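Working notes, structure below.
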Amino acid sequence: MKRILITGVSSGIGEALARLYLNKGYQVYGISRRTPYLIIDNPLFTFIPFDLSRLDDYDELLEAGLARLLEEGIDMLFLNAGISGRVPNRAEEFTIRELQHVISVNVLANKLLLDLVISSAHLPNQCIVSASMAGVRYREGTLPYSLSKAALMAMSGVYAKENPGIFFAVLGLCNVNSDLSRQVSFSERTSHFKELKKLQERAVTENYMVSPEQRAKDIDKVVKSPSEYGVTSGDFIDIRSVLIDK
């Protein structure tokens with residue numbers, strides 16, 4: 001039975017991934033700050049409650065169940081949890097503390113988890129990283145998110161080079177109908193930023209936004225056979241482009 005660890009399982013893509021793999025009969029372990037009530041009673045699911053912004057308290061994460069899981073080993077690691085910060089706003093309106101908070105969750109918490117996993121006796125076969133075009137294509141109003149995703153992608157690339165035994169699928173998962181995307185697309189301030197206004201207009205067109213459940217299926221399809229979809233370890237790729245090609 002495959003064993004999978006997913007961060008950010010309380011909603012959105014993380015929850016959809018957890019449900020998809022539970023339905024496949026996999027053993028799923030989930031980390032999130034909030035309880036994933038839709039799956040908490042599934043006998044194949046183990047919840048590890050933890051706020052990933054609390055980097056100094058990672059001992060609590062180990063005590064909550066991660067240490068035992070690492071001893072037993074996992075097959076796949078999904079670094080999915082992420083926040084956008086107080087977007088959209090102009091860059092100078094974000095404080096250093098706000099940037100530190102977003103980077104802590106989107107980048108440094110993932111480094112912490114990677115280091116713990118890599119130091120364990122059983123390395124996962126794959127690490128799937130929820131990246132974003134925001135780390136490549138910069139839009140006004142999105143400094144914390146863009147900054148953190150660019151750093152996450154750079155970190156994933158370095159870890160892939162240093163750990164060739166783990167396949168790092170660094171996937172852009174844009175246009176998903178999630179709380180995070182709705183915050184950016186439908187904020188009262190969105191109209192103040194030209195590119196975000198265009199994004200909002202696309203978001204309300206039919207079939208542009210996909211459900212978390214559909215994107216979870218897309219991810220599963222790609223990571224089953226990454227070479228078939230042109231995905232190379234450590235290199236960012238927008239999942240939409242590989243799905244269109246197929």
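Coordinate-derived values only; no laboratory data. Here the structure is a predicted model, which is why all the values come from computation and not from measurement. All Cβ positions, even for glycine, are placed from backbone atoms using ideal geometry, and neighbour counts span all protein chains on display.
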Legend entry - Inter-probe distance in nm under a simple model that places probes 7 Å from Cα toward Cβ, at residue 90 and residue 140: 0.9
Inset, instruction - Have a look at 46, 61, 192 and report the one farthest towards the positive end of the charge dipole of the chain, computed about the Cα centre with Cβ charges (Lys/Arg +1, Asp/Glu -1). - result: 192
Inset, instruction - Mind pulling the angle between the C-alpha long axis of helix 143-162 and the longest principal axis of the chain? Nearest 10 degrees, somewhere in 0 to 90. - result: 40
Inset, instruction - For the pairs 197/224; 24/224; 24/221, note any where the Cα-Cα span goes beyond 25 Å. - result: 197/224
Legend entry - Rounded to the nearest 20 debye, dipole of the chain from Cβ charges on Lys, Arg, Asp, Glu: 700
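Show me 232-244, 32-44 ranked by packing, highest mean number of other Cβ atoms within 10 Å first.
So the peptides 232-244, 32-44, ranked by packing, come out 232-244, 32-44.
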Inset, instruction - Taking only the C-alpha atoms, wrap a convex hull around the chain and report its volume per residue in Å³ as a whole number. - result: 124
Inset, instruction - Mind checking which lysines have their Cα closer than 20 Å to the Cα of residue 111? Skip sequence neighbours fewer than 8 apart in that chain. - result: 149, 161
Inset, instruction - Might you report the magnitude of the Cβ-based charge dipole of the stretch 178-246 about its Cα centre, with Lys and Arg at +1 and Asp and Glu at -1, to the nearest 20 debye? - result: 160
Legend entry - Rounded to whole Hz, the Karplus (6.51, -1.76, 1.60) HN-Hα couplings of the stretch 44-54, x for glycine and proline: 8, 10, 10, 9, 10, x, 6, 8, 5, 7, 8
Inset, instruction - For the chain, find the longest principal axis of its Cα atoms and tell me its angle to the long axis of helix 109-118, 0 to 90°, nearest 10. - result: 30
Legend entry - Label-reachable residues, the stretch 212-246, where backbone N falls under 13 Å from a point 7 Å from residue 24's Cα toward its Cβ: 216-226
Inset, instruction - Compute the distance in nm between two label points, each set 7 Å from the Cα along the Cα-to-Cβ direction, one at residue 2 and one at residue 55. - result: 3.1
Legend entry - Within the stretch 95-154: Cβ-based charge dipole about Cα centre, in debye rounded to nearest 20 (Lys, Arg +1; Asp, Glu -1): 120
Legend entry - Gain upon complete extension [residue 224, residue 191; 0.36 nm per residue less C-alpha separation]: 7.9 nm
Inset, instruction - Take each of the peptides 95-101, 14-20, average the number of other beta-carbon atoms within 10 Å over its residues, and list them starting from the highest. - result: 14-20, 95-101
